[in-house]
1. Count, please, the residues in the stretch 218-272 that happen to be buried (at least 23 other Cβ atoms within 10 Å of the Cβ) and farther than 21 Å from GLN304 by Cβ.
2. Can you spot a residue in the stretch 42-57 that is acidic (Asp, Glu) and either at positive phi or at pLDDT 85 or above (or both)?
3. Looking only at the stretch 246-269, decide whether some residue is under 24 Å from TYR323 (Cβ atoms) and free of Cβ contacts under 8 Å to residues at least 60 places away in the same chain.
4. Taking the stretch 122-138 as the region of interest, how many residues are open to solvent by 50 Å² or more (accessible area, probe 1.4 Å) and either under 16 Å from TYR153 (Cα atoms) or touching a strand residue (DSSP E or B) at 6+ places or on another chain (Cβ under 9 Å) (or both)?
5. Got a sec? Which of TYR92, TYR66 is hydroxyl-bearing (Ser, Thr, Tyr), under 21 Å from the mean Cα position of the chain (by Cα) and under 28 Å from TYR161 (Cβ atoms)?
6. Go through (1) over 17 Å from the mean Cα position of the chain (by Cα); (2) closer than 13 Å to LEU145 by Cβ; (3) assigned to a helix (DSSP H, G or I) one by one and return the number of the condition LEU195 breaks.
7. Just to be sure, is ASN36 in contact with a Leu (Cβ under 9 Å, 6 or more places away or on another chain), in a helix (DSSP H, G or I) and within 24 Å of GLN304 (Cβ to Cβ)?
8. From TYR92, TYR142, TYR161, TYR153, grab the single residue that is aromatic (Phe, Trp, Tyr), more than 21 Å from TRP207 (Cα to Cα) and buried (at least 17 other Cβ atoms within 10 Å of the Cβ).
Amino acid sequence: MINPVLLIVIPLLLAFVGVMFKNLSKSLLFFGLILNTIFAFFVQKGSYELGGWQPPFGINLLVDNYSLFGIVLINVLFLVSSLIGIKKIEKYSLPLLISLAGLNGMVLTNDLFNFYVFFEIATISAYIISTLHGKYHHTFNYLVLGSVGSSLYLLGIIIVYAVVGSLNMSDLSMHFSELSANIQLIVSILIFSGLAVEAKLIPFNSWVRGIYSNVNTLTAPLFSAVYASTVFLVFGRFFSNLITISGPLFNIFIAITFITFIFAEASATATKNMREILTFSSIGQAGLITGLFLIGGGYAAILQIINNAFAKIVMFSTAANVYENNSSDSIDQAAGIFRKYPLIGFGFTVSALSLIGLPLFFGFYAKFNIINTAFNTNWIIPLVILLGSLLEGVYYIRMLVKLWVPGEEHEEATEKLTTRFSMNKLFVISVVSVVVGFLFIIGGIYPELLGVFVQNVSEPLKESLSYLSVGVM
């Protein structure tokens, strides 16, 4: 079995080697990605102490069903994203390797300060990678807001250490409820605010539109699927196992997440550019998923993380490819493009319909569980989710009709009216689109194939984190 520390050490070691042998950096990146992806499937569950210090005094990595699912998802998505954007990697191989190490560390760590270190590694790498679009003022905005978020988180864990005397997450999960009400309030607000920047929640998400609306075929799937999924998983861990919130603060946090959901979905109906629509969709999904974690709907949230991650990797990659080849991603100008590229159109369409939650697609099973979970809370949240889903259906159906059917509503669709827009370097995107499309259909027809697995993944969110030790480093 594989020690999880290798998923962090291997990318960092290869990045160090890449500094000395720059000509090999791209090969080292893919060697590391393939190795990490394989290793992720064979990691042994348990608690791994680093340096021989027993928790809560030493730093340790925790591998349970939840974090094991996280590292498999992250490494698979990272590999697929890099293959899709292979032509855009250029000199960014080393930041990508460092990013991979940071993202794995965020999911695996069982220490609050160690999480901060990995969080900084991942976000600094994201700032560098985001410069690929050449619009540095957006990167600067991202950097400033990201720095504010990480500083708020750091202040929160400083208070935790001052009061509890430990930064071990298992330790905190057992003692957080014993803290005074004021300390719980302050720590909860600081950590929530720190994570909310990367989680794209209002009012911390002003950086998102500048970054996501200018992505290319590398950064599109990387940010919308890999980084987003990692932050969602971390948010779920923090607000399920570690931090307990109730009363007015709970209502405020819930309001923030679902206002984010509704506002983003409504905003998406008012734009006609593919990447911008998908940007607002990503913000909306962030609000929905984080809100589900807050109300204790870990099972439904994980279903939606899977649904969103694989849908966005197809849809954002397609939109970025359209823009790169035509200097525009307007759905009006791209009308009928899927008639020219039906394989990509198939994957894009199934992904969109799955996100909407239509029957016969995996997203229907996810949306059914989301609504069911929401009804266990109160009657307002289900109405908000249904309203957001309706708005989502409006703009996605409008987009799909345009991309499949050229011409105006009163005109007969003909090849002559089909857009002159073109796409290239489509092999990987086509393969991913078809595979994801069929997986969404199979998952919709036979949801029980994934249901038991996701149930096992979500179980650790209902329990206190364990000190169980099976490995030593």
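The values are calculated or read from the model by the stated rules, or taken from the named source; none is laboratory data. Only a predicted model underlies this, so the values are computations on that prediction, with no experimental measurement involved. As a convention, Cβ positions derive from the backbone with ideal geometry for all residues, glycine included, and neighbour counts pool all protein chains shown. Heavy atoms of the whole protein, side chains included, go into the accessibility calculation; ligands, DNA and RNA do not. Shrake-Rupley method; radii C 1.70, N 1.55, O 1.52, S 1.80 Å.
1. Adding up the residues that qualify gives 2.
2. No.
3. Yes, because at least one residue in the stretch 246-269 is under 24 Å from TYR323 (Cβ atoms) and free of Cβ contacts under 8 Å to residues at least 60 places away in the same chain.
4. Here the count works out to 1.
5. Exactly one residue qualifies, and that residue is TYR66.
6. (1)
7. no
8. None of the other options fit; the residue is TYR92.
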